[in-house]
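In what follows, a structure is listed as structure tokens, so that the remarks can point back to it.
All of the numbers you see were taken from the coordinates with simple rules; none came from a lab. As the structure is a prediction and not an experimental result, all values here were calculated from the model. Ideal geometry is used to build each Cβ from the backbone, glycine not excepted, and the neighbour counts take in all protein chains shown.
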Amino acid sequence: MDIVKKEIPKQFLDSIPNGIKLIKKGMDTFLVVENLFCPNGHRLMSETIQIHGMPAIKFKISDGFSNGFLFLDAFWGSHAKLYSFIPKHSESLESFDVCCPVCSTSLIVKDRCHEDGCDCTKAVQMNLPGKNRIIACARLGCPGHRIEIKEMPQGISETLSEINFYVESFDDTSDFRGV
């Protein structure tokens with residue numbers, strides 16, 4: 001799948017919410033998730049694992065047979081991920097227990113994915129500082145994700161939610177080489 005570069009709305013750039021930062025790589029500007037929390041306030045960012053030079057988002061997961069950690073790329077719209085184990089059921093997080101790595105509180109919520117062709121009814125919900133949140137479809141491989149920012153018009157959030165980067169398709173000269 002080829003990368004489709006989408007512009008970040010100016011209104012969002014003028015008031016980036018806490019937990020998200022803007023960085024430049026080469027000639028391009030990217031949003032990076034800097035702070036996410038479980039419902040109990042524990043930080044979901046890894047202190048030791050980085051993907052593309054940034055701390056990864058860390059979850060404790062179990063597929064009913066084995067368990068370990070899942071690390072997601074913090075670049076907004078990227079779908080790069082690493083596992084600390086080999087899951088038995090890797091096609092969907094719907095059958096996984098996805099939890100905070102600190103307190104084991106479940107991050108799975110009922111939420112219908114809005115991505116064309118996806119009928120998933122579960123999502124992983126993460127909290128940004130304040131009352132904002134990120135919700136990602138629980139079906140692995142589905143690019144469905146959205147950001148909900150209370151202080152911004154819904155149209156801005158919808159535009160951001162459509163930003164997807166398929167990192168695995170970048171060539172070796174890209175700013176994302178080397179996971």
Just report the Cα centroid separation between region 6-22 and region 93-137, whole Å.
22 Å
Where in region 17-123 are there chymotrypsin sites (Phe, Trp or Tyr not before Pro) that are in a DSSP coil and have at most 15 other Cβ atoms within 10 angstrom of their Cβ?
Phe65, Phe85
What Kirkwood radius, in Å to one decimal, follows from the Cα pairs of region 10-169?
16.0 Å
Dipole axis of region 10-169 (+1 Lys, Arg; -1 Asp, Glu on Cβ), positive-most option in His145, Ala80, Ile108
Ile108
Share antiparallel - DSSP beta bridges, region 10-169, percent rounded to 5:
95 percent
All lysines inside 27 Å of Lys10 as judged from Cα atoms, apart from same-chain residues fewer than 8 positions distant
Lys21, Lys24, Lys25, Lys131, Lys150
DSSP loop GluC sites (Glu not before Pro) in region 34-130 with at most 12 other Cβ atoms within 10 Å of their Cβ, which ones?
Glu91
